[in-house]
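Novice: After the structure tokens below, expect a handful of questions from me.
Taken together, the values in this text are just the output of simple stated rules run on the coordinates, not laboratory data. Since the structure is predicted, the reported quantities are computational estimates derived from the model, not experimental observations. Methodologically, a virtual Cβ is constructed for each residue, glycine included, from the backbone with ideal geometry; neighbour enumeration extends over all protein chains shown.
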Amino acid sequence: MKINPTISLFCSLLITFILGFSISSNFKFPYEVDQSLDILLDDISSINQEDYNDGPVSSEQVNEDFNNIDTEPDITNQESGETSETNKIDISILPESDGAEFNFTAFSIFQTDDEVINSKTVPNVNMAQGCLVENILNDEKLWHSPNETSDYSKRFYNISIQVQSGLALSPNCLSEMIIGILNDKRGWSTVENKAFKIVDKEYSDLNIIFANPETVDQLCYPLQTNGIYSCRNEQNVVINMFRWTAGAKDFDDDLSTYRIYLINHEVGHYLGWGHTDCPSETALAPVMMQQSKGTEGCIPNGWPIYERVKLLYRSP
């Protein structure tokens, strides 16, 4: 039987068309593949973003995390059964003891050797002695305060001083020392444009407490001061007697600078200043740097010099 050439050609074209269509339906041009990948990545990104948004972390919680770092809380023994919600509650109750935020210092300040030496002194105050006395405070009462105080005034920062019984410190000497530091022209009074005065505790805006390490741990809780750190917990600045007498590693035996730093650092938190870092090696360490843990190559410093410069050049 002879096949009609026309029919044969038609069948060949039909078969070729069917095969070509089948192959082309499974083939994608490169731009089509890239477009599909872009869509897939967008989907994944949106899913990850949704997962992240399921548990937002507020700026307050982030700031409190920095507080945990400063006082080295022990989080290694948390039970595996704790829920993320429980962790959020635990973080939210932490006091803002170590500043509301962390700022990086974008400039460096250097001083001559003579200027560094002069920074260790406060007029009419023996910083090296640190108000230490031979006789400890008697235990007739738990807390001791300076004999002389002033009346409350809104024009001042009204602070009180308490010294725990059993410590070899003079409250009257500490009163003169702390006022000497804070009201010094290099101190916070000229930065904040407001002077400090000593009042009775019941009228104070801020209470500065000197206590033994065990009591400091209690007063700073839930911050973990571990017997070696001081803190600012709400309206209390709590100074650890261990630090007051031992100083810190990077200060060597320079207790004068360390004591000036300790007072200015913790009071700085009360005034709203957060932590910062060492801007460059051999520069002065900012007073709001955690110098008790190390100065990272900076020169130990107890005065709010960087904070004064920041205020001078701050945008209105």
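Novice: Using the alpha carbons of the stretch 210-281, what is the convex hull volume per residue in cubic angstrom, as a whole number?
Specialist: Cα convex hull per residue, to the nearest whole number: 101 Å³.
Novice: Related question: Would you mind ranking 116, 237, 191 by Cβ crowding within 10 Å, fewest neighbours first?
Specialist: The order, fewest Cβ neighbours first, is 116, 191, 237.
Novice: Going by how many other Cβ atoms sit within 10 Å of their own, how do 186, 259 line up, fewest first? Don't skip to the end; give the middle numbers.
Specialist: On the way: 186 18, 259 28.
Least crowded to most crowded, the residues run 186, 259.
Novice: Test of understanding: extend the Cα→C-beta vector of residue 143 to 7 Å, then name every residue of the stretch 239-260 with backbone N under 19 Å from that spot.
Specialist: 239-242
Novice: What residues from the stretch 152-190 fall in the zone where the backbone N is under 16 Å from a label point 7 Å along the Cα-to-C-beta line of residue 118?
Specialist: Of the residues in the stretch 152-190, 184-187 have backbone N under 16 Å from the label point off residue 118.
Novice: Still on this structure, I have one more. Any idea what the alpha-carbon Rg over 2.2 N^0.38 Å comes to for the stretch 243-316?
Specialist: 1.08
Novice: Here's another thing I want to ask about it. What list do you get for 289, 127 if you sort them by fewest beta carbons within 10 Å?
Specialist: Details: 289 24, 127 20.
Least to most surrounded, the residues fall as 127, 289.
Novice: I've got another one for you. Need one word for the stretch 177-312: rounded, prolate or oblate. Basis is the Cα gyration tensor (sqrt eigenvalues a ≥ b ≥ c); a/c below 1.5 gives rounded, then a/b vs b/c decides.
Specialist: Oblate is the answer for the stretch 177-312, as a/c is 1.5 or above yet b/c matches or exceeds a/b.
Novice: Quick one: 3J(HN,Hα) in Hz for the stretch 252-262, Karplus 6.51/-1.76/1.60 with θ = phi - 60°, rounded, Gly and Pro as x.
Specialist: 6, 9, 8, 6, 4, 4, 5, 5, 4, 4, 4
Novice: List the residues whose amide H sits under 5 Å from the amide H of residue 122, counting only those 5 or more places along or on another chain, with H placed 1.01 Å from N in the peptide plane.
Specialist: 127
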